Amino acid sequence: MNRREFIAALSLPLFGCGGRADPSEPWPEGAVSLSYDDGLPSHLDIAAPALTRHGLRGTFFVTWTNIAPRVQDWIAVGRAGHEVADHTVHHRCDLQDIRASDYFEREIAPMEAWLDRTFGPRRDRDFAYPCDVTDIGSGSATVQMLRFEHRLRRLGLHSARTSEGEPNAPQWVRQHPYKMQALAIGYDTRSLDDVFRYLDRARARRQWAILVMHDIADTPADGTMTIRDHDLLLDHVAESRMLCRPIGRVLAGIAKTRAVVSA
Ligand SMILES: [Zn+2]
């Protein structure tokens, strides 16, 4: 009897290889979401076609000023099964001189209204903080972030993604849906090996990896992923047994699991 057969005979789960289904763990092999920020032309011309070739779907956090010149192409991306989500109208990074009510009225509500009109009221509703800035208005950083979360919730948004941190445990997401963590390729790391190690950690811990990408181009640069690395990443994800879905779809799965657990 080898080790695998011995463990099977004892009915013990093999770590990281499926094991017993725990209803509080929606992804026995971990999950991954591929997110793309800012609504850049390379997302239309390179990322979306590459995702389609690999049979994958991503989340595109778009900024109105960037998508306006090719809005019909962006609508086609959303209708092809990708998530098109809110990254504000102008992508302001300094929020010190603006009132929270004005910021939400001018930067977030108009994007939500356009997304509703374009993709319907039943669409997924997720947000990514421009420049990872979560502080708005007066008070401590915690008070400012709570103010941001409160207003996002009031506007009907289900989650918000930051751009740093380890993979997300389902329980973390349930408790902190407006603090979802992610790895920003091109900023946190430019090494594909680092990205693969991050995915491995999510898989081993049965957690949710969220990747953030910006521009995708032939040549390497700060904040940019090369076309070759992007293709290698998609090959890796498509061949892995991790669940790969847009952010809103993974969140919907977590909500469904909670309903099963609490039933
Ligand atoms: Zn951005």
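Identify, from the list R151, R174, the residue that is touching a residue at least 12 places away in the same chain (Cβ under 8 Å), farther than 20 Å from F61 by Cβ and open to solvent by 20 Å² or more (accessible area, probe 1.4 Å). So that I can check it myself, show each step before the final result.
Values: R151 fails: farther than 20 Å from F61 by Cβ.
Within the list R151, R174, the selection yields R174.
For residues that are assigned to a helix (DSSP H, G or I) and open to solvent by 30 Å² or more (accessible area, probe 1.4 Å), scanning just segment 51-67, find the one that is nearest to the ligand (Cβ to nearest atom). Reasoning before the result, please.
Keep residues of segment 51-67 that are assigned to a helix (DSSP H, G or I), which gives 51-54, 64-67.
Adding the requirement that they be open to solvent by 30 Å² or more (accessible area, probe 1.4 Å) leaves 52-54, 64-66.
Values: T52: 23, R53: 25, H54: 24, W64: 12, T65: 11, N66: 9 Å.
Applying the filter and picking the extreme gives N66.
Tell me the residue from L243, L233, L183, L211 that is out of contact with any Ser or Thr (no Cβ under 9 Å at 6 or more places or on another chain) and open to solvent by less than 30 Å² (accessible area, probe 1.4 Å), please. Outline the logic, then answer.
Numbers: L243 fails: open to solvent by less than 30 Å² (accessible area, probe 1.4 Å); L183 fails: out of contact with any Ser or Thr (no Cβ under 9 Å at 6 or more places or on another chain); L211 fails: out of contact with any Ser or Thr (no Cβ under 9 Å at 6 or more places or on another chain).
After ruling out the rest, the residue left standing is L233.
Among the residues of segment 38-56, is any closer than 22 Å to L251 by Cα, in contact with a His (Cβ under 8 Å, 6 or more places away or on another chain) and charged (D, E, K, R)?
yes
One residue is enough: does segment 220-242 have a residue meeting the conditions assigned to a strand (DSSP E or B), more than 21 Å from D38 (Cα to Cα) and not β-branched (V, I, T)? Working first, answer last.
Applying the first criterion (assigned to a strand (DSSP E or B)) to segment 220-242 yields 224-226.
Add one more test, that the residue is more than 21 Å from D38 (Cα to Cα), and what stays is none.
Scanning segment 220-242 turns up no residue that is assigned to a strand (DSSP E or B), more than 21 Å from D38 (Cα to Cα) and not β-branched (V, I, T).
The values are calculated or read from the model by the stated rules, or taken from the named source; none is laboratory data. In this text the structure is predicted, and so the values were computed from the model without any measurement. Here the Cβ is made from the backbone with ideal geometry for all residues, glycine too, and neighbour counts use every protein chain on show. Just the protein is used for accessible areas: all its heavy atoms, side chains included, with ligands, DNA and RNA removed. Shrake-Rupley method; radii C 1.70, N 1.55, O 1.52, S 1.80 Å.
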